[in-house]
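Report on the structure given below.
The values are calculated or read from the model by the stated rules, or taken from the named source; none is laboratory data. Here the structure is a predicted model, which is why all the values come from computation and not from measurement. Note: ideal-geometry Cβ built from the backbone for every residue, glycine included; neighbour counts use all protein chains shown. Each accessible area value is taken on the protein alone, full model and side chains, heavy atoms only, with ligands, DNA and RNA left out. Shrake-Rupley method; radii C 1.70, N 1.55, O 1.52, S 1.80 Å.
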4 protein chains.
Amino acid sequence: VRRLRLGMVGGGQGALIGTVHRMAARLDDRYELVAGALSSDAARAHASAAALYIAPDRSYDDFRSMARAEAGRLDVVSIVTPNHVHAAAAMAFLDAGIHVMCDKPLTHTLEAAEELAASVARSGCLFGLTHNYTGYPMVRQAREMVAAGALGAVRVVQVEYSQGWLATNLEASGQKQAAWRTDPARSGAGGALGDIGTHAFNLAEFVTGLRVERLAADLSSFVAGRRVDDNAHILLRFAGGAKGMLFASQVAVGCDNALKLRIFGEKGSLTWQQEGPETLTWGRLGEAPTMLTRGGPGLGDAAAHATRLPGGHPEGYLEGFAQIYSDMAEQISARIEGRVADPRCLLVPGIAEGLRGMRFIAGAVASSGADAAWVSLG
Amino acid sequence: VRRLRLGMVGGGQGALIGTVHRMAARLDDRYELVAGALSSDAARAHASAAALYIAPDRSYDDFRSMARAEAGRLDVVSIVTPNHVHAAAAMAFLDAGIHVMCDKPLTHTLEAAEELAASVARSGCLFGLTHNYTGYPMVRQAREMVAAGALGAVRVVQVEYSQGWLATNLEASGQKQAAWRTDPARSGAGGALGDIGTHAFNLAEFVTGLRVERLAADLSSFVAGRRVDDNAHILLRFAGGAKGMLFASQVAVGCDNALKLRIFGEKGSLTWQQEGPETLTWGRLGEAPTMLTRGGPGLGDAAAHATRLPGGHPEGYLEGFAQIYSDMAEQISARIEGRVADPRCLLVPGIAEGLRGMRFIAGAVASSGADAAWVSLG
Amino acid sequence: VRRLRLGMVGGGQGALIGTVHRMAARLDDRYELVAGALSSDAARAHASAAALYIAPDRSYDDFRSMARAEAGRLDVVSIVTPNHVHAAAAMAFLDAGIHVMCDKPLTHTLEAAEELAASVARSGCLFGLTHNYTGYPMVRQAREMVAAGALGAVRVVQVEYSQGWLATNLEASGQKQAAWRTDPARSGAGGALGDIGTHAFNLAEFVTGLRVERLAADLSSFVAGRRVDDNAHILLRFAGGAKGMLFASQVAVGCDNALKLRIFGEKGSLTWQQEGPETLTWGRLGEAPTMLTRGGPGLGDAAAHATRLPGGHPEGYLEGFAQIYSDMAEQISARIEGRVADPRCLLVPGIAEGLRGMRFIAGAVASSGADAAWVSLG
Amino acid sequence: VRRLRLGMVGGGQGALIGTVHRMAARLDDRYELVAGALSSDAARAHASAAALYIAPDRSYDDFRSMARAEAGRLDVVSIVTPNHVHAAAAMAFLDAGIHVMCDKPLTHTLEAAEELAASVARSGCLFGLTHNYTGYPMVRQAREMVAAGALGAVRVVQVEYSQGWLATNLEASGQKQAAWRTDPARSGAGGALGDIGTHAFNLAEFVTGLRVERLAADLSSFVAGRRVDDNAHILLRFAGGAKGMLFASQVAVGCDNALKLRIFGEKGSLTWQQEGPETLTWGRLGEAPTMLTRGGPGLGDAAAHATRLPGGHPEGYLEGFAQIYSDMAEQISARIEGRVADPRCLLVPGIAEGLRGMRFIAGAVASSGADAAWVSLG
């Protein structure tokens, strides 16, 4: 038994999501961070590496030299750069036979996404995408319940993801997170759409097991001078007849990270909110609603698999994120050891979900450009 | 000082909303119920009247004979029948010079609504429409805050009204409330759209002070055999550039009467929920959110006017409904006494709001019929 | 069928609780207010009467002349004065053969309470005490569930009633509600203890069906110059072995009217909060908790009896208060008509509960005076 | 820069709290687990060590041999055994000049606690006690606000910790966690009192900065055959005049881990709940209440120091626990490096708080034995 050897691209000092990936990777102790190209600024890259106990000779100036040098010495690499770097970086490691964990959305353009997908297929490597909200125990529980028919046929899916941090022209101040997310060259065609709308979209498909067939989108850029959307209003039609709404906003003053999913079926409903993630409210036709809680009675295997602490000891964002990493670790370890992976670990979103997300972005942009005409997602 | 003399059309034994209107009229003791045509079934009408202490000679078999006989003896009449009777009944009393309080939606067709509007104008009488949710103190507070600029320019309006009681084919069982609401001849072209969607639409316009210019609607009838919509997904565009979503559903299993409004502006947001109506959450740019509560610190005149009890002594649905009645009583009394009414009592929705609601229904039906094409509401 | 003829003592202009009693009496239309001695100030009494449509010749300067004059003309009188007047006023009407509804606590001294109890017994009249929180549907539901054994044997009872309105020396400002409540001559020996502690005590005994046998109290007067307690910390021991805590405070800044009851038994628990009174949370051994809601599935007869509106249409304080009045109306009507009253209407707190409350006050004061020694309540 | 070398006593396979300590130690990557005496069962100890990547020659059969062998090779050891082993184990490492992190309560007897305190003093080593709830950012925020006078003088402190997992005779089933916690030989004289009551007590003193001078306790063992208390009702008197109540229960069916603290001062109040730890409700005299949230506006340095993620990305139990470890890491590193530690890292509870907790247990047991007589805590 050994820890997997992990590298990282991006995530140097001052970056948020790289820190998150590292804490997530550490939580269940299945990884050891041993190499990195942590910043496009070489000095920052090496200073960051030193602070993370990475040996100087495994701190690189750029991901290409890292991929070359680390072939055979890394099990997996995490790509935590802005979107426009994802594809090139991931492909460099896939070509070197190194499994990849990549932040979302998959890439900045649908074309790059398709190229990456081909690369994944060619490489035979594992590819995980950190749609981290799928790692929450109560999200897994919801998915299991829908699949088991607890709601009957799904009719209505309401999903929303609202934040308020871009309610002003923050990018003009030079704030780093805002700057690249509102720059189409680095972020892609979607603003709120890509950054958080893809999470909402993924969550809706993940939990319901249904595919969105068509959408009609009304995108807005409320903040003067903003180059990407900061608010998305989208109608959804799912295969099989369910309908839905998706609301994603980064100008929702007063909201922090309010991802919320509601699913209404013939005989039941489920409500889950990321900011209070330990509870899943189960509405039942003709019966009083039940509050399912992580670690509590009435849960199935999927939630149990993703649970570390007893009920009432709040788990949160990092634990859900860590679940993605730990499930991926099992998949990689099984591959290394030549055995079948624990089937509970196979829910990690991957290249297919990444492509879905890119089609969602492209479809919504196209729909909005055509005054909210219906667009098929294929 | 005397109580206003109130008559009622509809609301006989077994009816729900008639009981609500009577309790609302009684709460502040401004009305005295003295006459009625309480049911289209004469026996039930008279039995109902007796139980309500109405003198036998003022209990009528039909609204027309009542309007004729009560001219000069009634100050105001409440119309609490199914929708398709509203217009004819209201016009009979308007013709007799009697003020009218009418349940919503205004009528069953846009044509009838316009005919009624002409009748109101001709009569010179007062006409109130019980979009009762506008009577809640914290709704009035929200309206006052938006008008005072507390949010800055409004950007996004999310409104929803979800119920679950029609998740099955309840109308097939003969349940009375379900039967007429799902019968286009009695309810009109809208199902959930008319019954609750109009409340949501009215609330959004009432609080924001903005008019919906265009909408794109995707209506569904999820329950097999249902003749009207039971779920409405609608995109909204407001005059001035705000955008919104409206969700109305009567198949939302697990929901009782979940009317919820969120308004996001440039520098603040407000959230109000009918099922917890005493609180208004105020999100503020760069500051921690504040919980405004009825009867608590930080409220303005509009809320104070609509408040009966100290904070922490929950007021609810009936008090909000009563506010509509009591404000209307002031308007009627002022008319009778030849004085100017208290300006705080002028917020009662009326014929204009009723027409807006009917255009909303017609517009949404037309849009949905054209695959969610944008439709102007004029 | 006729409305009961109601008189009122106290409750003139500017009084809060009198208004509440009148709204409560009106809500279900079983009473007609026809006489009053509404204030000890004659001018205010008559002006108040006129505003309430009481005939001038039935507006009295004092309760004694009213009781004499109204014998045979009133069915029932409501006593809504400060505590020190309750006993004398109630006895005057009992002597006149008029049923009594009295505000809580029963009186200002245990001696007066016992004298009043003797008077009630002698008169043969009905006597209701407005421990109004027992009128809430979900409180009735809780009582029914405990009685039916849904929790198994009760082990722990946690009850609290916290308000913040007396956190400063409000009485020094002349505020009327504060002035008499902090004046031992008018309020009695208990401050927070009598004003709200008795509600908490009553609620605990009402719902559990258990009697508090002993208590140990630590009373405080945190506000400088205050002549009565404004905070009560009390340990409870119930007959049968259950134990509990009672917390009553009027210096709890940030609290409005936070009455909360939790009951833990061998196999279940119940939690109810007055500020969100529509929900009863049912914890169950080995099962996920259930949210019982007024008007929703899973409730029994007691809640149904006390329900006016469908679920999701919030009922509140006034409806609970009205339930006390309406149940009392049924008792009085049955007495008048010589029939047996509907058994669902027999839960109105009366003289026995009033005496319990006075013993609670006296016991807590005695215990606190003896440094929180245990005191028996008999 | 290097990770601290960490050893562990207890926490072998099947143990809960050891896993928690390890995840907490890992989260911020300041520790490396290199040695252990993980179980009193040698086979389990070695198997556990292997699974944790501990070298076989640093896995020990008992803590004494470990302390001898690891002197100079470990920076710090975590003691995560049942209570009765804490003192002996800690002293072995202190004697070897190794800093100690110890689970709570400090020991099983007051005598052992005092012996341990002497040992700590003698050794000059650092000693941290995992009253982990003090590591939550919003708890730190509360403490900072009270100290800064945001509430004015504190009047009332209500603290409770309720769980339901011992509502039945679980220890009879052989469940390991229940077995030692209900065995006075291993747990000490307190049951719920020691296991969770000490957390509540510590939290109250930590946040208010006030010392409990006297208490009056009513302890119960509701479950037949139980050898320790499973419910504690305690009155508190603080130095300076504040009063409080402490409720700790492990028979509170329906509760998971409901630690809640409310502090009421002259001009403000604070409410914090462990099961929703990201929010701190701030009641303010004459103003609407504010919801302070982790990562949100209006917080001070203490909360910022303990925060890893942006607001709305829920942190929970492990992050709070990790804060204790990371603050201790800074203290140890500063000691090693001969520099002054970051003052924000000095809030870790230590031997003094451990002694307070043991006096609390002993005092409550004595008080309850004397029928809830007041006992001084010195």
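Just a few scattered comments:
- Whichever residue in the stretch C:163-201 is part of a loop (DSSP other than H, G, I, E, B), within 14 Å of another protein chain (Cβ to nearest Cβ) and at pLDDT 95 or above and, among such residues, is most open to solvent (accessible area, probe 1.4 Å): C:Trp165
- Residue within the stretch A:280-294 that is closer than 25 Å to D:Ser162 by Cα and assigned to a loop (DSSP other than H, G, I, E, B) present: yes
- Among (1) crowded, with 24+ Cβ neighbours inside 10 Å; (2) touching a helix residue (DSSP H, G or I) at 6+ places or on another chain (Cβ under 6 Å) - the single one C:Gly354 does not satisfy: (2)
- Hey, B:Ser40 at pLDDT below 95 and within 25 Å of the chain's Cα centre (by Cα) or not: yes
- Subset of the stretch D:284-294 (residues that are open to solvent by less than 40 Å² (accessible area, probe 1.4 Å) and within 14 Å of chain C (Cβ to nearest Cβ)): D:Ala288, D:Pro289, D:Thr290, D:Leu292
- One residue from A:Glu70, A:Glu114 being in contact (Cβ under 8 Å) with a residue 60 or more places away in the chain, farther than 16 Å from A:Leu355 by Cα and of a type in the set (Asp, Glu): A:Glu70
- Test result for D:Pro314, in a loop (DSSP other than H, G, I, E, B), more than 24 Å from the chain's Cα centre (by Cα) and farther than 23 Å from D:Val100 by Cα: no
- Meets criteria (more than 23 Å from A:Ser78 (Cα to Cα) and either of a type in the set (A, V, I, L, M) or surrounded by fewer than 22 Cβ atoms within 10 Å (Cβ to Cβ) (or both)) for A:Ala341: no
- Meets criteria (charged (D, E, K, R), open to solvent by less than 40 Å² (accessible area, probe 1.4 Å) and more than 7 Å from every other protein chain (Cβ to nearest Cβ)) for A:Lys260: yes
- Checked against the criterion of being without any contact (Cβ under 8 Å) to a residue 40 or more places away in the chain, open to solvent by less than 30 Å² (accessible area, probe 1.4 Å) and farther than 21 Å from A:Asn257 by Cβ, the candidates D:Ala334, D:Ala329 yield just one match: D:Ala334.
- Qualifying residues in the stretch D:298-311 (those that are open to solvent by 50 Å² or more (accessible area, probe 1.4 Å) and outside any loop (DSSP other than H, G, I, E, B)) - the one nearest to the other protein chains (Cβ to nearest Cβ): D:Ala304
- The listed residue being facing another protein chain (nearest Cβ under 8 Å) and either within 22 Å of the chain's Cα centre (by Cα) or closer than 22 Å to C:Val159 by Cβ (or both), out of D:Thr281, D:Thr208: D:Thr281
A quick yes/no check of all residues on (1) more than 9 Å from every other protein chain (Cβ to nearest Cβ); (2) closer than 18 Å to B:Asn202 by Cα; (3) part of a helix (DSSP H, G or I); (4) touching a Leu at 6+ places or on another chain (Cβ under 6 Å):
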| position | (1), (2), (3), (4) |
| --- | --- |
| B:Leu215 | yes, yes, no, yes |
| B:Phe222 | no, no, no, no |
| B:Cys255 | no, no, no, no |
| B:Ser269 | no, no, no, no |
| B:Pro277 | no, yes, no, no |
| B:Gly296 | no, no, no, no |
| B:Glu319 | no, no, yes, no |
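- Entry remark, the stretch A:243-257: residues being open to solvent by 10 Å² or more (accessible area, probe 1.4 Å) and closer than 28 Å to A:Gly152 by Cβ number 1 in total.
- Residues in the stretch A:26-65 that are part of a loop (DSSP other than H, G, I, E, B), away from chain D (no Cβ under 14 Å) and out of contact with any Ser or Thr (no Cβ under 7 Å at 6 or more places or on another chain): A:Ser40, A:Asp41, A:Tyr60, A:Asp61, A:Asp62.
- Single residue of the stretch B:243-253 satisfying the filter (more than 7 Å from every other protein chain (Cβ to nearest Cβ) and out of contact with any Phe, Trp or Tyr (no Cβ under 6 Å at 6 or more places or on another chain)) that is nearest to B:Arg284 (Cα to Cα): B:Gly244
- Residues of the stretch A:357-375 that are at positive phi and either of a type in the set (A, V, I, L, M, F, W, C) or in contact with a helix residue (DSSP H, G or I) (Cβ under 7 Å, 6 or more places away or on another chain) (or both): A:Ala372 alone.
- Being modelled with pLDDT of 95 or more, more than 14 Å from every other protein chain (Cβ to nearest Cβ) and open to solvent by 10 Å² or more (accessible area, probe 1.4 Å) is a description that does not apply to D:Arg155.
- Those residues of the stretch C:4-22 which are farther than 17 Å from B:Tyr53 by Cα and either of a type in the set (Gly, Ala, Ser) or surrounded by 24 or more Cβ atoms within 10 Å (Cβ to Cβ) (or both), in sequence order: C:Gly7, C:Met8, C:Val9, C:Gly10, C:Gly11, C:Gly12, C:Gly14, C:Ala15, C:Gly18, C:His21
- Count of residues meeting criterion [open to solvent by less than 40 Å² (accessible area, probe 1.4 Å), closer than 18 Å to C:Asp29 by Cα and not hydrophobic (A, V, I, L, M, F, W, C)] in the stretch B:29-62: 4
- Test: residue in the stretch D:226-242 that is within 11 Å of another protein chain (Cβ to nearest Cβ), surrounded by fewer than 24 Cβ atoms within 10 Å (Cβ to Cβ), at pLDDT 95 or above and more than 21 Å from D:Ala148 (Cα to Cα): yes
- Condition met for D:Ile324 (within 29 Å of A:Val20 (Cα to Cα) and surrounded by 21 or more Cβ atoms within 10 Å (Cβ to Cβ)): yes
- Flag if D:Ala90 is surrounded by 21 or more Cβ atoms within 10 Å (Cβ to Cβ), modelled with pLDDT of 95 or more and away from every other protein chain (no Cβ under 14 Å): yes
Residues are listed down the side, and each one gets a yes or a no for (1) within 15 Å of A:Met245 (Cβ to Cβ); (2) among the aliphatic types (A, V, I, L, M):
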position	(1), (2)
A:Ala172	no, yes
A:Gly194	no, no
A:Thr208	yes, no
A:Asp229	no, no
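- Given (1) among the aliphatic types (A, V, I, L, M); (2) surrounded by 24 or more Cβ atoms within 10 Å (Cβ to Cβ); (3) in a helix (DSSP H, G or I), index of the condition B:Leu106 fails: (3)
- D:Asp301 vs. criteria of a type in the set (D, E, K, R) and under 30 Å from D:Gly149 (Cβ atoms): yes
- Check on A:Val139, touching a strand residue (DSSP E or B) at 6+ places or on another chain (Cβ under 9 Å), more than 22 Å from A:His21 (Cβ to Cβ) and not in a loop (DSSP other than H, G, I, E, B): no
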